[in-house]
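To start, the structure under review is shown below, and the notes come after it.
The values are calculated or read from the model by the stated rules, or taken from the named source; none is laboratory data. Computed from a prediction, not measured in an experiment: that's the story for all the values here. So basically every Cβ, Gly included, is an ideal-geometry build from the backbone, and we count neighbours across all protein chains shown.
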Amino acid sequence: MIYDLPPYELVLFLLLSVLSFWFSRSSKVLRAFKLLSLGFFLLALPSALTLVLGKVVFPLSQILLISGALLIALSIVLLSVRSLKELEEAAFYDTLTGAFNRRFIIEYISEEIRKSRRFKNEFAILLVDLNDFKKVNDTYGHDAGDEVLREVVRKLRKVLRNYDMIARWGGDEFLIFLPIEHRADILEVANRLATDFYLDFQGVRITLSVGYACFPQDGESIGKLIESADERMYISKKHYKEARRNALDNKSEEKV
């Protein structure tokens, strides 16, 4: 009979049940592994009862077998859904910050360029670099730097519009995609981020250097747009360093 398992198969199901439960203690997919563990246990239980009682228990054995099979099937579905979600996150998002990743935003902007050429739309990108981020890493370590990156993304989401897109471009640089109606709007956003945005972390103030580029005025390819935004970001960074150096010089003169 299907529920009267040979001893080695009984041991196998019990072992699979124990292993599934062990994985459930350390896995993010806790519920799925617990269901899998219970399913294997239920499959093994009818044969265990037969060995203990010396007879097959109807209809309990059939109910246990069906329940075990259904739980195993359900756990496989849950694991598959989780795997698909993780694949989607890996394809679209930066695992550290939750912002879109570089690969996705490049593909997205490339598609927007094709659409904008056809419908005569405009959009803009901002390249954002964190000022004094290296000081956080050097002083407090890379874990602290990671926390700063996550907090910057959270704060940017609060100050930008819901439909603006934030992507991690690399290291401590971010790219922001902005649909626009007027070029002046982009200048206002870029200036606001460069002058008003800051994050204090353990005595280190993180601010932003911002460069912008508008399609199609500053370029009709993603490479040209990035180049234009990067040049303006470099100028913004230069102005920040000069302003900080002047502030330090003034403090030195006051002490003298």
For the structure I just gave you, tell me whether residue 197 is surrounded by fewer than 19 Cβ atoms within 10 Å (Cβ to Cβ), under 24 Å from residue 146 (Cβ atoms) and hydrophobic (A, V, I, L, M, F, W, C). yes
For segment 95-111, enumerate the residues that are assigned to a helix (DSSP H, G or I) and surrounded by 18 or more Cβ atoms within 10 Å (Cβ to Cβ). 105, 109
Inside segment 220-233, the number of residues satisfying the requirement of being surrounded by 14 or more Cβ atoms within 10 Å (Cβ to Cβ) and among the hydroxyl-bearing types (Ser, Thr, Tyr) is 1
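Going by the structure shown, is residue 38 on the phi < 0 side of the Ramachandran plot, at pLDDT 75 or above and either in contact with a His (Cβ under 6 Å, 6 or more places away or on another chain) or part of a helix (DSSP H, G or I) (or both)? Let's see the steps before the verdict.
Details: on the phi < 0 side of the Ramachandran plot: yes; at pLDDT 75 or above: yes; either in contact with a His (Cβ under 6 Å, 6 or more places away or on another chain) or part of a helix (DSSP H, G or I) (or both): yes.
Considered against the rule, which asks whether it is on the phi < 0 side of the Ramachandran plot, at pLDDT 75 or above and either in contact with a His (Cβ under 6 Å, 6 or more places away or on another chain) or part of a helix (DSSP H, G or I) (or both), residue 38 comes out as yes.
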Before we move on, is residue 91 out of contact with any Ser or Thr (no Cβ under 9 Å at 6 or more places or on another chain), crowded, with 16+ Cβ neighbours inside 10 Å and either aliphatic (A, V, I, L, M) or modelled with pLDDT of 95 or more (or both)? no
